[in-house]
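S.K.: If you scroll down you'll find the structure; I have some questions about it.
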Amino acid sequence: MAALESLIPVLVSTSRRTQSGFIAAPGVVITAAHGIDPGADVSIHCPGYLHSDRAHVVWRGDFERGDPLEDIAVLTFNDREGLRLRTRWIKCLPHKRLPVRVLGYPSASSDGTLQSSELESLDAEAVLLTEDRSGLLQLDVKGSLPLDSKGWEGLSGAVLLSADGQVAGMLIKAKPGWRHDRLQAIPTQAILRPEINQLLVEADAVPQQAFDCPIIKPALIPTDLEAPHVPVSWFFQSRRAVVPFVEEGRIDLMASLDSWCEAAEPLGVKHLVGGAGSGKTRVAAELCERMARRPGWITGFSSERVQDQWAVFTPNRSLLIVFDYVHQWEQEVQTFLARITTLIDEGRLKSKVRILLLSRSEGDLIERCDYRSVLATLQRRSQAFTIEIQSYAFTGDQRQAHLEAAFRAFCSPVFSPITDPILPDVTDPQYSSPLLVHIAAYFGSQGDPVPSPGTSDIQFALVNQLLQRESDIWLNLMNENGAKTFRSRGQAAAAVLILSLTRPRLEEAAALLTASLDFDGTNPLDRSDAVKAVSRLYPSSDTAAADPTRMDRVGALEPDLILEHLLATFPDRNRLLSKLHDHEMLRAPHRARFLQVLALSRDHYPAVETDFQKYIESVLSSLVEEDGDTSSLGELLVSSMPQILGGAVTKIRANEGNRVADYLASAIRCSSTSPALAETCAEAALFMPRPYPELSNLSLALAERAVEYAETVPNEKAVVAMLHLLGLFQADCGEWGRSIMSARRAINILEDLHETDVDHLHLKALNLNLLGTGLSKFNRESEASSALKAGLSISDECRLEYPERFEGLHEELSANMARMHFGTGNVTKALELLRTLQGGIGADVFPLPLLNNLGLFLQKNGELDESLALLERAASSCRRLVEKQPGAYRQLLVEILQNLSGTYSLLDRRSEALKTSKEAVEHAQYLHKLNPTAHVELLSSALDNLGIDLKATGDLAEAVSVIQQSLRLVEDRVEEDPTLRPSQAKSLSNLANVLAISGNLDDALEVLTSAIHLQRELVAQSPQSQGETLREMSDQLRSLIKALRARDLMFGLGRMEEE
């Protein structure tokens, strides 16, 4: 008998009578107390399994006072057999019928003589009739009784087992005088009182269900498949385990998980990853079931109703806990890990703890940086954590194994299969997950055809077919007893969709249905009935599924793939989503869930992409602004960051602005700090394009959180990598001071490590390049030159052996060094460096930034024809790139156009120079509008150049206006950003020049005096780079003074002439 694998029914004998009992733990028997007198000699026996042995009464309930729930006795015996038992327990809930089997020895007599030692069984339904769950179970026996009524005495103490072998209670009333088909039993919750629980703890067999361990719930959800209105979707929910676990393709994985559980370390964390329907939840549930069979283990999935337990719970046995959809549990995981780590530190953790995390996507950052923790929560305790990413491939052999197992399951009578079921053909690779194969097997058992190999979209066709079956259940349940809750299948589908999209509390649900559907005057009671119907089909938790009176919110249609299909194929989706989105009762948690489902659905259903793009901005903005709800924001970002990022980039590339990116940046910054969010941001930051002005603010927000994540993991180089990324994005946003600080901190960490491997050297060269570039912005040439030279020294040493790591970096370092020489007036040295670089790379593939620099240097060296050829080539290429990727290349185009305009001017091609300058200003204004902080200098420079070209064409008034605009831009920011002071001095000088030509010599003198005063301060800080500009201003001043003297002389001669 299968039940004997879990527990052992026994005969319990005294001198007065013989009755039934069961071994609940090694050396522990539970039986009825009314047949065990205090102090009586007791023996136990299991014919054919356990020899007769003496037992001792260690606890006996005081049932004589009239309380039948006290009719319990606990015996202990010498376990010479070394029994290894797995006893699982299940609660019986009020008015919920539970099919059970009673196992015991009915043939006994009141004088203790045994008439028969054969184990008998009764099939019955158990129901708890009292609302407070403290009363007895009523058993309604099915079929005929095993013996006449005289033999019923022996069933006292018999165990009640559920269909899956869990203990539901113990029989106590089985004697003449009762109705022939009705018995009474004590429920599990009355048996597992603290006194008995302690005895089981001492026997190393704590009961295996959630009410013994408050932070977990059973791995498998008990499901009565014969109940009315069972949704077809239940058959495919992993934790209902309708289809037996399939070993094919998972043997190595299960062995690996088994070894991980049994390893010696006190704490282990593992991350399992797989797409929708891949079987990761089923693997986790099977692991829980297997480990629960071993002495000393308690296993299950994280429980929803124990927010106050995570920080105080102390395991008294080895614990395996699964967090499914880990992004929804990040705070609980963080708190629980902190608790377990504290117990380890204090020496109070006496058993193992294994934490299994499940999610759809794997952390690329973990793989790239070799992080050993998955949620980066605590101190750097690498020895306490293990991490392994597992993905699933689904081969042809595995498809066949899953098909056969599922087909056998669905051909059992409970599913009402046809007489001649059809085994479907699932050889098409589109059957890419166990879920799809199981669905096909179900339809085969029902005789329904499934999509044949070669069908264009098997998943769509299969899930659509399943959804039709599911909708039959909606109508049957919602319209039972003649109550027409909805007029049509479509309205029923709309109700399921609305409530699944929002998962509202019960008191909110009816109102949401009212606002989102046209009921044609249907009264509110019907909407309430609809909510109850959906809640019954899709409970929000295991607790709610078992006891509807404890439900506080509506659940969702599962598996996710079915819900996503319903959303994508709903006929009036646009209208429904619009009304739901605009409803006044839609709060932050509803909005987050709403966008999360849209984000997940677009992965499988492109039709939902438009809806996602439509609502992403408004949902993010409302979450940022609404009541400071950061928990909903954090959960949404952790679960859907890739999709939301993709939405932001899509809008930018469609020239629809960057508001989504800015809202997302705000959301990241205002969300409460959490390890899961920090990790998600770190993964995203690694793949953000740069320079990409429309995304620079968002990239910076991601990088800030990425550093938070890196600081919590035991990998110093990961911290350095994230600091470098942060410094780059700070530079893109014009925050050069902070960028320098990030680079210095990264270099200091590397120097403290004293390592010389290639990763170390590469990271150091990267940060030296960033540091040198930043220092040059503050005119600290000596320090900048030292940093760049050190970086070049590393790249020269390594680039021959590791060209893929250092070639590009070497080019960038060389270009920055060339710019440094150019800035200090050494044009010849700058040209020499770039020409050498060009020779090594090849003129035809010379990168555009370097081509731009070379054109500028040639211009300053007087080689105008070559400069013009290079810059026109660079501008033409960059314009084409801007058309394809405007964000990535627009800033470079502005710089190229300014230099090209300068060359045109020197060649006296004034109209072309003016046209090019105007084009540069248009692009610079666009960038400045995106990020004013980052692009002030760029726009100021473009405006100055335009002013100079306007002056050359004789449009002096417009030239003055444009340069004054440039000056205002800089003066508004220069106090906050001192790196703009050279731009301020340049604009003042240009304005003085135009004013002088316009005849405003006194104004020109005042402006130029201010410019020279400012430039002298800059020369004091950086004589090399700023000295040449001061000399040019001095020449300008001398010319202006001559003009003033000439004017004054002419004025004097005129007066003399008049006189």
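The values are calculated or read from the model by the stated rules, or taken from the named source; none is laboratory data. Fair warning: this is a prediction, and the values are worked out from it, not measured in the lab. Every residue, glycine among them, receives a Cβ derived from its backbone with ideal geometry; neighbour counts consider all protein chains shown.
S.K.: Give the residues of segment 972-1000 that are aliphatic (A, V, I, L, M) and more than 19 Å from Leu1044 (Cβ to Cβ), sorted by residue number.
M.R.: First, pick out the residues of segment 972-1000 that are aliphatic (A, V, I, L, M): 974, 980, 985, 988, 991-992, 994-997.
Selection gives Val974, Leu980, Ala985.
S.K.: Out of segment 590-615, which residues are surrounded by fewer than 20 Cβ atoms within 10 Å (Cβ to Cβ), farther than 27 Å from Ile458 by Cβ and in contact (Cβ under 8 Å) with a residue 40 or more places away in the chain?
M.R.: Selection gives nothing.
S.K.: Could you tell me which of the residues Pro424, Pro429 is modelled with pLDDT of 80 or more, surrounded by fewer than 18 Cβ atoms within 10 Å (Cβ to Cβ) and either of a type outside the set (A, V, I, L, M, F, W, C) or touching a helix residue (DSSP H, G or I) at 6+ places or on another chain (Cβ under 8 Å) (or both)?
M.R.: The conditions single out Pro429.
S.K.: I need a count of the residues in segment 442-470 that are modelled with pLDDT under 85, surrounded by fewer than 23 Cβ atoms within 10 Å (Cβ to Cβ) and either part of a helix (DSSP H, G or I) or touching a helix residue (DSSP H, G or I) at 6+ places or on another chain (Cβ under 8 Å) (or both).
M.R.: Matching residues across segment 442-470 total 1.
S.K.: I'd like to check something: does segment 1035-1053 contain any residue that is closer than 26 Å to Gly774 by Cβ and buried (at least 18 other Cβ atoms within 10 Å of the Cβ)?
M.R.: no
S.K.: Just wondering, is there one or more residues in segment 392-410 that are modelled with pLDDT under 85, surrounded by 15 or more Cβ atoms within 10 Å (Cβ to Cβ) and in contact with a strand residue (DSSP E or B) (Cβ under 9 Å, 6 or more places away or on another chain)?
M.R.: Yes, because at least one residue in segment 392-410 is modelled with pLDDT under 85, surrounded by 15 or more Cβ atoms within 10 Å (Cβ to Cβ) and in contact with a strand residue (DSSP E or B) (Cβ under 9 Å, 6 or more places away or on another chain).
S.K.: Just name the residue that is surrounded by the fewest Cβ atoms within 10 Å (Cβ to Cβ) out of those in segment 697-742 that are under 19 Å from Lys777 (Cα atoms) and polar (S, T, N, Q). Steps first, please.
M.R.: If we filter segment 697-742 for residues that are under 19 Å from Lys777 (Cα atoms), which is where we start, we get 724-742.
Retained after the next criterion (residues that are polar (S, T, N, Q)): 730, 739, 742.
Values: Gln730: 26, Ser739: 24, Ser742: 27.
Only one residue tops the list, namely Ser739.
S.K.: Is it the case that some residue within segment 828-838 is among the basic types (Lys, Arg) and either in contact with a helix residue (DSSP H, G or I) (Cβ under 7 Å, 6 or more places away or on another chain) or over 27 Å from Leu980 (Cα atoms) (or both)?
M.R.: Checking segment 828-838: at least one residue is among the basic types (Lys, Arg) and either in contact with a helix residue (DSSP H, G or I) (Cβ under 7 Å, 6 or more places away or on another chain) or over 27 Å from Leu980 (Cα atoms) (or both).
S.K.: Something else now. Can you tell me which residue in segment 783-820 is modelled with the lowest pLDDT, limited to those that are touching a Gly at 6+ places or on another chain (Cβ under 8 Å), small (Gly, Ala, Ser) and buried (at least 21 other Cβ atoms within 10 Å of the Cβ)?
M.R.: Selected residue: Ala784.
S.K.: Go through (1) at pLDDT 90 or above; (2) more than 29 Å from Ala869 (Cα to Cα); (3) within 49 Å of the chain's Cα centre (by Cα) one by one and return the number of the condition Pro932 breaks.
M.R.: Unmet condition: (1).
S.K.: Now for a different question. For residues in segment 896-929 being charged (D, E, K, R) and in a helix (DSSP H, G or I), which is surrounded by the most Cβ atoms within 10 Å (Cβ to Cβ)? Before you say what the answer is, go through the steps one by one.
M.R.: Restricting attention to segment 896-929, the residues satisfying the condition of being charged (D, E, K, R) are 908-910, 912, 915, 918-919, 922, 929.
Okay, now just the ones that are also in a helix (DSSP H, G or I), so 910, 912, 915, 918-919, 922, 929.
On the way: Arg910: 15, Glu912: 16, Lys915: 15, Lys918: 16, Glu919: 20, Glu922: 12, Lys929: 13.
Checking each candidate, the answer is Glu919.
S.K.: Next question, about the same structure. Kindly indicate which of Gly279, Gly249, Gly296 is at pLDDT 75 or above, under 17 Å from Ile321 (Cα atoms) and not assigned by TED's automatic domain parsing to the domain that holds Ala126. Outline the logic, then answer.
M.R.: Details: Gly279 fails: under 17 Å from Ile321 (Cα atoms); Gly249 fails: under 17 Å from Ile321 (Cα atoms).
Within the list Gly279, Gly249, Gly296, the selection yields Gly296.
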